[in-house]
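Nothing in this text is a laboratory measurement; each read-out follows from the coordinates by a stated rule. Keep in mind the model is a prediction, meaning the values are calculated, not measured. FYI the Cβ positions are ideal-geometry reconstructions off the backbone, even for glycines, and counts take in every protein chain you see.
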Amino acid sequence: MAKRTASPRQQETYRWRISRLKATPAQYIGEVEAPDEASAIKKAIEEFQITDRWKQSRLVAQRRA
C-alpha cells in the first residue's frame, strides 16, 4: 500500500508596501504580495526593475493590514 503524504501547505501571502530609505520621508515604490519581508523585497527588485545595488540595499517592506 502506498504511503500517504501530507499535502504541502500553501504559504499565506500578505500585501507589502515597498519604500526606499532615501531621506525623510522615504520614497514610496509600490506594493507586492509575498509570504515574508525578505521575499517581498526580492520580488520588488524584480517587479520594479531596480538594478542599482545601492538602491536595492535601501529597500524596506512594511506589511499592510
Completion exercise
Checked the range 14-63 with the C-alpha gyration tensor, a ≥ b ≥ c its square-rooted eigenvalues, rounded below a/c of 1.5, otherwise prolate if a/b is larger than b/c and oblate if not; verdict oblate
Completion exercise
Nearest-0.05 FRET efficiency for residue 56 and residue 31 at R0 = 22 Å, using Cβ-Cβ distance, is 0.80
Exercise for the section: Could you state the angle between the C-alpha long axis of helix 37-47 and the longest principal axis of the C-alpha atoms of the chain, as a value from 0 to 90 degrees rounded to the nearest 10? Expected result: 70 degrees
Handout entry: Residue-averaged 222 nm ellipticity for the chain, from DSSP H runs of 4+ at -39500 (n - 2.57), nearest 500
Key = -6500 deg cm²/dmol
Practice task
Considering Cα pairs under 8 angstrom that are at least six residues apart, work out the relative contact order of the chain and quote it in whole percent.
Solution key: 37 percent
